[in-house]
Amino acid sequence: MSIQFRSRLLNMLPIAAVLASTVILAGCFSDDGSWHGKDISGLMPELAFELTDTSGDTLTADDTAGEIRMLFFGFTSCPDVCPATLQKLSRAVKDMPDELQDDTRIVFVSVDPRRDTPERIGSYVDFFSERAIGLTGEEKALRELSKRYRTTFGYDDPDEEGNYNVSHSGAVYVFDREGEARLLFRPELSVEDIRADLIALAEEGRT
């Protein structure tokens, strides 16, 4: 094993440990069968952030109050997890009844601020859904937000052309209209199951 590879592996161990703990924790959440996603009610803090939107302005969680919000951490250069997840979420929202679609929001937070400018994030999320918003911020703020929801992210060493990968969780955190954490969507969940849970949450807020 080369010294460079060993150093890279050691650097990734803390990140892998936290990501693994997120998956393990998700498996321990109680589920009474009424949801397809994992019920995290009372197990995660309410939605709170202050980040930069695709117009370069500051956006907070309060600006999206009253909507069902799906929070997902990623980056626009992601080769697989991010586009697959955003496509799945956008399909689920599009398949909802028309009157409920406007009550639902995909919140994509880029954890790659060095490459992901507001303009680049805007083009990225617009490709997937008009119900998606893109956010980013300084690395410190992004780490604080990811830590709030018991996850993390890390950067690989750049190659000769300066390209690098970003490790991050594939989990989607779902918050109700009041900003309370309610569900965790994991990558294996189907579009149909996501849609059913979103409809249930949206209708719950209307009763």
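What the table shows:
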{"quantity": "Selection within region 110-123 - open to solvent by 30 Å² or more (accessible area, probe 1.4 Å) and part of a loop (DSSP other than H, G, I, E, B)", "calculated": "PRO113, ARG114, ARG115, THR117"}
{"quantity": "The one condition in (1) out of contact with any helix residue (DSSP H, G or I) (no Cβ under 7 Å at 6 or more places or on another chain); (2) at pLDDT 95 or above; (3) in a loop (DSSP other than H, G, I, E, B) that ASP126 fails to fulfil", "calculated": "(3)"}
{"quantity": "Some residue of region 87-102 being touching a strand residue (DSSP E or B) at 6+ places or on another chain (Cβ under 6 Å), open to solvent by 10 Å² or more (accessible area, probe 1.4 Å) and of a type outside the set (Asp, Glu)", "calculated": "no"}
{"quantity": "Residue, least open to solvent (accessible area, probe 1.4 Å), within region 129-166, restricted to residues that are of a type in the set (Asp, Glu) and assigned to a helix (DSSP H, G or I)", "calculated": "GLU139"}
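The values are calculated or read from the model by the stated rules, or taken from the named source; none is laboratory data. Small disclaimer: the values here were computed from a predicted structure and weren't measured. For neighbour counting, all protein chains shown are included, and Cβ atoms are generated from backbone atoms with ideal geometry for every residue, glycine included. Quick note on the areas: whole protein, heavy atoms, side chains included, nothing else; ligands and nucleic acids left out. Shrake-Rupley method; radii C 1.70, N 1.55, O 1.52, S 1.80 Å.
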